[in-house]
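Taking it in order: structure first as structure tokens, then the write-up.
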Amino acid sequence: MISRALLLFTLIPTLFAQGEHFKFKTRASEIDPKAGSYPDIGFVLQDAKGKAQDFQHASVDTRIASKGRLAIWLMAPKQELMDRINSYGIHAIQVHYARQWFSKCCQQRPVSEHCRGNMRLEAATGEDHSDEAAIAVRDSIKGRALLFVKHLAKEHPAGKWEQFLNSNQSDLLWEKVILTGASHGSTTASRLAKHTKVARVVAFCGPRDQYQSWQALPSKTPNNRFFGFTHVKDMGWKEFHYQRSWELMGLHQFGPIVDVDKSQPPFENTRRLVTDFDVKGNAGHAHSSVTPGSKSFKDEKGAYRHEAVWRYLFTHPVDKVGKPVPSTNAAKKIK
């Protein structure tokens with residue numbers, strides 16, 4: 001089924017030649033009639049009132065030369081960020097995936113050190129990694145991303161989405177993929193990147209998963225491809241969750257923690273970026289301040305102050321790294 005947005009662009013072929021910033025919104029269940037719901041973990045296609053919960057978003061700016069990268073955003077739609085990703089020459093999609101499980105699964109006290117990591121991998125791949133839920137491959141991040149890109153390749157040829165598919169369209173070319181997300185999404189993105197080699201990971205306000213140990217596991221994605229950005233008044237920072245994850249993932253091998261408000265690109269080529277602009281002590285405000293939006297750091301004219309940071313996170317060459325620094329033993333400071 002062709003979504004309204006895709007149909008509109010099909011009817012105006014002259015726009016394709018000129019190049020445009022295309023944005024699409026399509027339900028996962030429209031793309032895949034076999035898409036499933038998992039009410040036990042809150043992962044559903046529609047809520048109890050019949051309101052759709054499975055909308056997915058995609059965008060590409062065909063006026064800009066493609067860098068041959070596909071960013072997959074994990075969390076609620078964030079069009080202001082996707083707009084910037086597109087401006088860098090990167091395609092972007094946001095997929096509907098299982099994330100509401102966090103308050104339902106792995107509730108044991110204490111929780112085992114692999115429970116949340118395994119559940120994240122179940123949600124990401126649809127493979128049997130967790131006893132907490134059984135998610136089908138087609139309903140996983142990998143499955144829904146594949147079906148979405150195949151749909152876009154068919155319905156929107158101007159976007160050249162097929163460049164992210166293998167020869168028989170049975171899988172994405174994951175080494176062309178940038179996994180990115182905020183909070184829960186950044187943590188799941190990082191866990192998936194440990195399992196599957198990708199081009200890059202951009203983790204906003206994360207990853208955390210306190211008391212879990214997957215962060216120290218061997219990684220299919222080289223450690224220098226992980227980038228993190230958070231606010232130091234965020235509760236996850238104040239309780240050492242982010243520092244712990246970053247060190248377990250070995251990011252201190254690629255440079256110090258850099259305050260972006262006191263530095264300039266390329267930020268010592270580090271992978272660990274922080275901000276400390278005034279949020280009046282509001283940890284929730286801090287948590288959502290590192291992506292474009294109402295809580296972001298702005299100048300007196302309302303312009304975003306972290307534009308250079310966002311560009312760095314998504315485009316800085318992964319082979320350019322900072323000088324290693326000693327571990328601060330953040331893992332031992334966790335509360």
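The values are calculated or read from the model by the stated rules, or taken from the named source; none is laboratory data. Note that the structure is a prediction, hence the values are computed from the model and not measured. Neighbour counts run over all protein chains shown; Cβ positions are idealised from the backbone, glycine included.
Within segment 278-291, track down each residue that is touching a residue at least 12 places away in the same chain (Cβ under 8 Å) and surrounded by fewer than 12 Cβ atoms within 10 Å (Cβ to Cβ). Result: G281, single match.
Annotation: of all residues in segment 292-314 being surrounded by fewer than 16 Cβ atoms within 10 Å (Cβ to Cβ) and in contact (Cβ under 8 Å) with a residue 40 or more places away in the chain, the one that is nearest to L81 (Cα to Cα) is G293.
Take V321 and decide whether it is among the aliphatic types (A, V, I, L, M) and either farther than 25 Å from M75 by Cα or outside any helix (DSSP H, G or I) (or both). So V321 fits the description; yes.
Whether any residue in segment 156-163 is of a type outside the set (D, E, K, R) and within 19 Å of the chain's Cα centre (by Cα) is what I want to check. Within segment 156-163 (the criterion being of a type outside the set (D, E, K, R) and within 19 Å of the chain's Cα centre (by Cα)), the answer is yes, since at least one residue qualifies. Number of residues in segment 29-79 that are part of a loop (DSSP other than H, G, I, E, B), touching a residue at least 60 places away in the same chain (Cβ under 8 Å) and surrounded by fewer than 14 Cβ atoms within 10 Å (Cβ to Cβ): the value is 1. Before we move on, is R272 closer than 17 Å to G181 by Cα and either at pLDDT 95 or above or within 21 Å of the chain's Cα centre (by Cα) (or both)? So R272 fits the description; yes. I'd like to know if segment 142-156 contains one or more residues that are outside any helix (DSSP H, G or I) and closer than 23 Å to Q215 by Cα. No, segment 142-156 contains no residue that is outside any helix (DSSP H, G or I) and closer than 23 Å to Q215 by Cα. Selection within segment 122-141: residues that are in a helix (DSSP H, G or I) and in contact (Cβ under 8 Å) with a residue 60 or more places away in the chain. The member of this set that is farthest from V111 (Cα to Cα) is R138. Inspect all residues belonging to segment 209-224 and state whether any of them is within 24 Å of K295 (Cα to Cα) and of a type in the set (S, T, N, Q). The answer is no, given that none of the residues of segment 209-224 is within 24 Å of K295 (Cα to Cα) and of a type in the set (S, T, N, Q). Looking at Q264, Q253, just one residue is in contact (Cβ under 8 Å) with a residue 40 or more places away in the chain, over 28 Å from A76 (Cβ atoms) and touching a Pro at 6+ places or on another chain (Cβ under 6 Å), and that residue is Q253. So, of the residues in segment 184-225 that are closer than 17 Å to I141 by Cα, buried (at least 24 other Cβ atoms within 10 Å of the Cβ) and of a type in the set (G, A, S), which turns out to be farthest from the chain's Cα centre (by Cα)? The selected residue is A193.
Would you check if there is a residue in segment 226-247 being surrounded by fewer than 18 Cβ atoms within 10 Å (Cβ to Cβ) and touching a strand residue (DSSP E or B) at 6+ places or on another chain (Cβ under 8 Å)? For segment 226-247, residues surrounded by fewer than 18 Cβ atoms within 10 Å (Cβ to Cβ) and touching a strand residue (DSSP E or B) at 6+ places or on another chain (Cβ under 8 Å): present.
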